[in-house]
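**Student:** Below is a structure I'd like to ask you about.
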(Lines give C-alpha, C1' and ligand atoms only; values in the text may rest on other atoms or scores of the structure.)
Protein backbone atom coordinates (compact mmCIF):
# COMPACT_ATOMS: atom_id res chain seq x y z
CA UNK A 1 0.00 0.00 0.00
CA UNK A 2 2.84 2.40 0.80
CA UNK A 3 4.24 1.62 -2.63
CA UNK A 4 0.95 2.62 -4.32
CA UNK A 5 0.83 5.90 -2.43
CA UNK A 6 4.37 6.77 -3.39
CA UNK A 7 3.67 5.97 -7.05
CA UNK A 8 0.55 8.17 -6.94
CA UNK A 9 2.58 11.05 -5.52
CA UNK A 10 5.19 10.53 -8.24
CA UNK A 11 2.56 10.61 -10.97
CA UNK A 12 0.95 13.80 -9.64
CA UNK A 13 4.33 15.53 -9.71
CA UNK A 14 5.31 14.22 -13.14
CA UNK A 15 1.99 15.37 -14.62
CA UNK A 16 2.50 18.80 -13.09
CA UNK A 17 -1.14 19.04 -12.04
CA UNK A 18 -2.23 22.56 -10.99
CA UNK A 19 -3.11 23.27 -7.40
CA UNK A 20 -6.78 24.11 -8.04
CA UNK A 21 -8.01 21.21 -5.94
CA UNK A 22 -7.05 17.74 -4.95
CA UNK A 23 -7.51 15.02 -7.55
CA UNK A 24 -7.98 11.71 -5.81
CA UNK A 25 -9.30 9.53 -8.63
CA UNK A 26 -9.28 9.98 -12.38
CA UNK A 27 -9.65 8.09 -15.62
CA UNK A 28 -6.63 7.88 -17.93
CA UNK A 29 -6.39 7.65 -21.68
CA UNK A 30 -2.89 6.24 -22.15
CA UNK A 31 -0.26 7.28 -24.69
CA UNK A 32 -0.95 4.31 -27.00
CA UNK A 33 -4.75 4.84 -27.07
CA UNK A 34 -6.61 6.59 -29.91
CA UNK A 35 -10.30 7.42 -29.36
CA UNK A 36 -12.55 8.69 -32.13
CA UNK A 37 -16.00 9.76 -30.89
CA UNK A 38 -17.56 11.26 -27.79
CA UNK A 39 -15.87 10.90 -24.41
CA UNK A 40 -17.89 11.78 -21.31
CA UNK A 41 -17.85 10.91 -17.65
CA UNK A 42 -18.34 11.84 -14.05
CA UNK A 43 -14.75 11.81 -12.81
CA UNK A 44 -11.52 13.63 -13.63
CA UNK A 45 -9.83 12.67 -16.90
CA UNK A 46 -6.15 12.59 -17.86
CA UNK A 47 -5.44 12.29 -21.60
CA UNK A 48 -2.00 11.19 -22.71
CA UNK A 49 -3.09 9.69 -26.04
CA UNK A 50 -5.14 10.98 -28.98
CA UNK A 51 -8.82 11.92 -28.97
CA UNK A 52 -10.97 13.09 -31.90
CA UNK A 53 -14.61 14.09 -31.40
CA UNK A 54 -15.88 15.68 -28.20
CA UNK A 55 -14.97 15.56 -24.53
CA UNK A 56 -17.75 16.27 -22.02
CA UNK A 57 -16.90 16.39 -18.27
CA UNK A 58 -18.94 19.42 -17.08
CA UNK A 59 -18.33 18.93 -13.34
CA UNK A 60 -14.74 17.69 -13.45
CA UNK A 61 -11.19 18.41 -14.55
CA UNK A 62 -9.72 17.37 -17.90
CA UNK A 63 -5.93 17.30 -18.20
CA UNK A 64 -4.34 17.17 -21.64
CA UNK A 65 -0.87 15.61 -21.19
CA UNK A 66 2.35 16.84 -22.80
CA UNK A 67 2.49 14.12 -25.47
CA UNK A 68 -1.23 14.13 -26.30
CA UNK A 69 -3.07 15.44 -29.33
CA UNK A 70 -6.75 16.33 -29.00
CA UNK A 71 -8.92 17.30 -31.97
CA UNK A 72 -12.14 17.80 -30.06
CA UNK A 73 -14.39 20.32 -28.39
CA UNK A 74 -13.85 20.16 -24.63
CA UNK A 75 -16.55 20.94 -22.05
CA UNK A 76 -15.30 20.72 -18.45
CA UNK A 77 -15.22 22.60 -15.16
CA UNK A 78 -11.42 22.86 -15.23
CA UNK A 79 -9.06 22.20 -18.13
CA UNK A 80 -5.27 21.93 -17.99
CA UNK A 81 -3.56 21.89 -21.38
CA UNK A 82 0.04 20.78 -21.70
CA UNK A 83 -0.23 19.18 -25.16
CA UNK A 84 -1.93 20.07 -28.43
CA UNK A 85 -5.64 20.95 -28.75
CA UNK A 86 -7.52 21.73 -31.95
CA UNK A 87 -11.08 22.62 -31.02
CA UNK A 88 -13.17 24.81 -28.78
CA UNK A 89 -12.72 24.77 -25.02
CA UNK A 90 -15.69 25.61 -22.78
CA UNK A 91 -14.49 25.80 -19.21
CA UNK A 92 -16.78 26.31 -16.20
CA UNK A 93 -14.03 27.68 -13.97
CA UNK A 94 -10.27 27.63 -14.72
CA UNK A 95 -8.37 27.06 -17.95
CA UNK A 96 -4.68 26.46 -17.24
CA UNK A 97 -2.57 26.71 -20.40
CA UNK A 98 0.96 25.41 -19.96
CA UNK A 99 3.67 24.97 -22.61
CA UNK A 100 1.09 23.91 -25.18
CA UNK A 101 -0.46 24.57 -28.57
CA UNK A 102 -4.17 25.51 -28.75
CA UNK A 103 -6.18 26.36 -31.85
CA UNK A 104 -9.84 27.24 -31.32
CA UNK A 105 -12.27 29.35 -29.36
CA UNK A 106 -12.03 29.49 -25.59
CA UNK A 107 -14.85 30.37 -23.18
CA UNK A 108 -13.94 30.38 -19.48
CA UNK A 109 -14.33 32.29 -16.23
CA UNK A 110 -10.62 32.29 -15.34
CA UNK A 111 -7.53 31.67 -17.43
CA UNK A 112 -3.85 31.16 -16.63
CA UNK A 113 -1.32 31.17 -19.48
CA UNK A 114 2.32 30.20 -19.02
CA UNK A 115 5.19 31.53 -21.11
CA UNK A 116 5.78 29.43 -24.20
CA UNK A 117 2.11 28.63 -24.78
CA UNK A 118 0.81 29.08 -28.33
CA UNK A 119 -2.80 30.20 -28.72
CA UNK A 120 -4.60 30.81 -32.01
CA UNK A 121 -8.27 31.73 -31.74
CA UNK A 122 -10.42 33.79 -29.44
CA UNK A 123 -10.75 33.97 -25.67
CA UNK A 124 -13.99 34.99 -23.94
CA UNK A 125 -13.93 35.53 -20.20
CA UNK A 126 -17.36 35.14 -18.62
CA UNK A 127 -18.50 36.42 -15.28
CA UNK A 128 -19.12 34.02 -12.45
CA UNK A 129 -22.77 33.05 -11.90
CA UNK A 130 -22.91 35.01 -8.64
CA UNK A 131 -21.78 38.21 -10.37
CA UNK A 132 -24.16 37.60 -13.27
CA UNK A 133 -27.12 37.22 -10.91
CA UNK A 134 -26.25 40.45 -9.09
CA UNK A 135 -26.24 42.52 -12.28
CA UNK A 136 -30.05 42.44 -12.80
CA UNK A 137 -30.58 43.35 -9.12
CA UNK A 138 -28.21 46.30 -9.46
CA UNK A 139 -30.05 47.44 -12.59
CA UNK A 140 -33.35 47.46 -10.67
CA UNK A 141 -31.94 49.82 -8.01
CA UNK A 142 -32.78 53.43 -8.85
CA UNK A 143 -29.86 55.57 -9.91
CA UNK A 144 -28.24 57.93 -7.44
CA UNK A 145 -30.04 61.28 -7.10
CA UNK A 146 -28.37 64.19 -8.80
CA UNK A 147 -27.87 67.46 -6.97
CA UNK A 148 -27.61 70.59 -9.09
CA UNK A 149 -25.35 73.31 -7.73
CA UNK A 150 -25.86 76.79 -9.10
CA UNK A 151 -23.14 79.44 -8.88
CA UNK A 152 -23.44 81.79 -5.92
CA UNK A 153 -24.88 85.24 -6.64
CA UNK A 154 -22.29 88.02 -7.02
CA UNK A 155 -23.50 89.77 -3.86
CA UNK A 156 -22.45 86.85 -1.62
CA UNK A 157 -19.04 86.35 -3.25
CA UNK A 158 -16.13 87.61 -1.08
CA UNK A 159 -14.34 90.71 -2.37
CA UNK A 160 -11.26 88.80 -3.59
CA UNK A 161 -13.45 86.46 -5.55
CA UNK A 162 -15.54 89.36 -6.88
CA UNK A 163 -12.44 91.00 -8.35
CA UNK A 164 -11.47 87.73 -10.04
CA UNK A 165 -15.04 87.29 -11.25
CA UNK A 166 -15.08 90.67 -12.98
CA UNK A 167 -11.74 89.96 -14.68
CA UNK A 168 -12.58 86.52 -15.93
CA UNK A 169 -16.29 85.68 -15.46
CA UNK A 170 -16.15 82.18 -16.95
CA UNK A 171 -13.12 81.18 -14.90
CA UNK A 172 -14.59 82.65 -11.71
CA UNK A 173 -17.88 80.78 -12.22
CA UNK A 174 -16.00 77.52 -12.61
CA UNK A 175 -13.86 78.33 -9.57
CA UNK A 176 -16.95 79.21 -7.47
CA UNK A 177 -18.66 76.00 -8.43
CA UNK A 178 -15.56 73.98 -7.64
CA UNK A 179 -15.12 75.66 -4.22
CA UNK A 180 -18.80 75.16 -3.38
CA UNK A 181 -18.53 71.52 -4.42
CA UNK A 182 -15.40 71.09 -2.28
CA UNK A 183 -17.17 72.53 0.78
CA UNK A 184 -20.28 70.41 0.24
CA UNK A 185 -18.44 67.20 -0.64
CA UNK A 186 -17.40 66.33 2.96
CA UNK A 187 -20.97 66.91 4.13
CA UNK A 188 -22.49 64.53 1.57
CA UNK A 189 -19.54 62.16 1.01
CA UNK A 190 -21.31 59.05 2.31
CA UNK A 191 -24.64 59.80 0.64
CA UNK A 192 -23.55 59.15 -2.95
CA UNK A 193 -24.88 62.55 -4.11
CA UNK A 194 -23.47 63.69 -7.44
CA UNK A 195 -22.75 67.42 -7.65
CA UNK A 196 -23.47 68.74 -11.11
CA UNK A 197 -23.24 72.36 -12.27
CA UNK A 198 -26.31 73.88 -13.93
CA UNK A 199 -25.74 76.30 -16.80
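**Student:** Among residues belonging to the range 114-131 that are within 18 Å of the chain's Cα centre (by Cα) and not in a loop (DSSP other than H, G, I, E, B), point out the one that is modelled with the lowest pLDDT. Talk me through it step by step, then tell me what you get.
**Tutor:** Let us first name the residues in the range 114-131 that are within 18 Å of the chain's Cα centre (by Cα), namely 114, 119, 121-131.
Remaining after also requiring not in a loop (DSSP other than H, G, I, E, B): 119, 123-125, 129-131.
On the way: 119: 93, 123: 93, 124: 94, 125: 93, 129: 67, 130: 61, 131: 52.
Checking each candidate, the answer is 131.
**Student:** Shifting gears a bit: Only one of 36, 71 is over 27 Å from the mean Cα position of the chain (by Cα), surrounded by fewer than 21 Cβ atoms within 10 Å (Cβ to Cβ) and at pLDDT 95 or above. Can you tell me which?
**Tutor:** Result of the check over 36, 71: 36.
**Student:** Would you check if residue 61 is on the phi < 0 side of the Ramachandran plot, in contact (Cβ under 8 Å) with a residue 24 or more places away in the chain, assigned to a strand (DSSP E or B) and assigned by TED's automatic domain parsing to the domain that holds residue 25? Can you show your working first?
**Tutor:** Working: on the phi < 0 side of the Ramachandran plot: yes; in contact (Cβ under 8 Å) with a residue 24 or more places away in the chain: yes; assigned to a strand (DSSP E or B): yes; assigned by TED's automatic domain parsing to the domain that holds residue 25: yes.
Considered against the rule, which asks whether it is on the phi < 0 side of the Ramachandran plot, in contact (Cβ under 8 Å) with a residue 24 or more places away in the chain, assigned to a strand (DSSP E or B) and assigned by TED's automatic domain parsing to the domain that holds residue 25, residue 61 comes out as yes.
The values are calculated or read from the model by the stated rules, or taken from the named source; none is laboratory data. Model, not experiment: these values are computed from the prediction. Glycine also receives a Cβ, built like all others from the backbone with ideal geometry; neighbour counts cover every protein chain displayed.
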